Amino acid sequence: DAGVIQSPRHEVTEMGQEVTLRCKPISGHNSLFWYRQTMMRGLELLIYFNNNVPIDDSGMPEDRFSAKMPNASFSTLKIQPSEPRDSAVYFCASSLGRRGRSNGYTFGSGTRLTVV
Amino acid sequence: AQTVTQSQPEMSVQEAETVTLSCTYDTSENNYYLFWYKQPPSRQMILVIRQEAYKQQNATENRFSVNFQKAAKSFSLKISDSQLGDTAMYFCAFILQGGSEKLVFGKGMKLTVNP
């Protein structure tokens, strides 16, 4: 299996622009998670999906952030408009249901977003 | 709410020596899982070791082992025979067996293995 695939690996954009981060979970995994990593706040869970349905989006910082999972093999995290304080590494992770909890989650390589 | 605390932000160790990374957590639940993740400079999050709270036996994975003290809510990671490739950020993490699927992380600590 290719693992969790995220794109792009790096993204540099200007303040005010729309940014879309993409994630392909491991085939067969039914839970998907978006995390944000910063020096100040560490790893924060933004939102997670189960069977393509958003379960908990309480970590989404503002209305500028939105996430979708149109099917089991694809998810996007969108920031519109982007701001410099959104600069961070964004991780996607996936797992297989209840069994996935005991096994931990599989993480993608992350997208480093820089907003200038 | 569940929290994970890693009180040592940074440590260094000489190659081939043993080092212990500390982690404490807080929960009122009885059934949960604990993990240590490694994040090398490549940025990839790599699962190092896991522990089921209902198991008294400490988990081991080759050079990595844990000291799990449930009553004290402590979950330390011991790395034996440290190697240069062990240089990374290490994160302690926690998840409940039931309920929310949130994997809660500590702030991490930076380990440097010196030649």
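Read the figures in this text as sums done on the coordinates, not as results from a lab. Just so it is clear, the model here is predicted, and its values are computed rather than measured. A quick note on method: Cβ atoms are made from the backbone with ideal geometry, for glycine too, and the neighbour counts reach across all protein chains shown.
So how far apart, in nm, are the two label points at A:S102 and A:V53 if each is 7 Å from Cα heading toward Cβ?
According to this spin-label approximation, the distance is 2.5 nm.
What are the ³J(HN,Hα) couplings of region A:47-56, residue after residue, when phi is run through the Karplus curve with 6.51, -1.76, 1.60 and θ = phi - 60°? Round to Hz, x for glycine and proline.
7, 9, 10, 10, 6, 6, 9, x, 9, 8
Round to the nearest 0.05 the FRET efficiency obtained for A:R64 and A:I5 when R0 = 25 Å and r is the Cβ-Cβ distance.
Working: r = 25 Å, r/R0 = 1.00.
That pair, A:R64 with A:I5, gives E of 0.50.
Which value, in debye to the nearest 20, gives the size of the charge dipole of chain A about its Cα centre, when Lys and Arg are +1 and Asp and Glu are -1 at the Cβ?
Details: 13 positive and 11 negative charges, 89 e Å.
Rounded to the nearest 20 debye, it is 420 debye.
Where the centre of each part is set by its Cα atoms, how far does region A:45-116 sit from region B:1-60, in angstrom?
So the two Cα centres are separated by 23 Å.
Separation between the A:N30 and B:S80 pseudo-spin-labels, each 7 Å from Cα along Cα→Cβ, expressed in nm?
Taking the simple label geometry, A:N30 and B:S80 are separated by 4.0 nm.
Considering every residue in B:34-47, what mean count of other chain Cβ atoms within 10 Å of its Cβ is obtained? Let's see the in-between values first.
On the way: counts 1, 4, 1, 4, 0, 6, 0, 0, 2, 10, 6, 13, 3, 5.
Across B:34-47, the average partner-chain Cβ count within 10 Å equals 4.
If you count, for every residue in A:103-113, the Cβ atoms of partner chains within 10 Å of its Cβ, what is the mean? Let's see the in-between values first.
Working: counts 4, 14, 8, 3, 8, 3, 4, 5, 1, 1, 0.
Across the residues of A:103-113, the mean count of other-chain Cβ atoms within 10 Å is 5.
Per q in 0.13, 0.14 1/Å, what log10 I(q)/I(0) does a Debye calculation on the alpha-carbon atoms of the protein assembly as shown return?
-0.78, -0.90
Just to be sure I understand the model, the point goes 7 Å from the Cα along the line to the Cβ. What's the resulting B:A16 to B:S100 distance in nm?
Once both label points are built, they end up 4.6 nm from each other.
Let me confirm one metric for peptide A:87-93, namely the mean number of other chain beta-carbon atoms within 10 Å of its residues' beta-carbons. Show your work: numbers first, answer last.
Numbers: counts 0, 0, 2, 0, 4, 0, 2.
Per-residue shielding by partner chains comes out at 1.
In chain B, which longest range has no trypsin sites (Lys or Arg not before Pro) that are both DSSP loop (not H, G, I, E or B) and surrounded by at most 15 other Cβ atoms within 10 Å? Could you put the intermediate results ahead of the total?
Numbers: sites that count: B:K55, B:R63, B:K70.
The answer is B:1-54.
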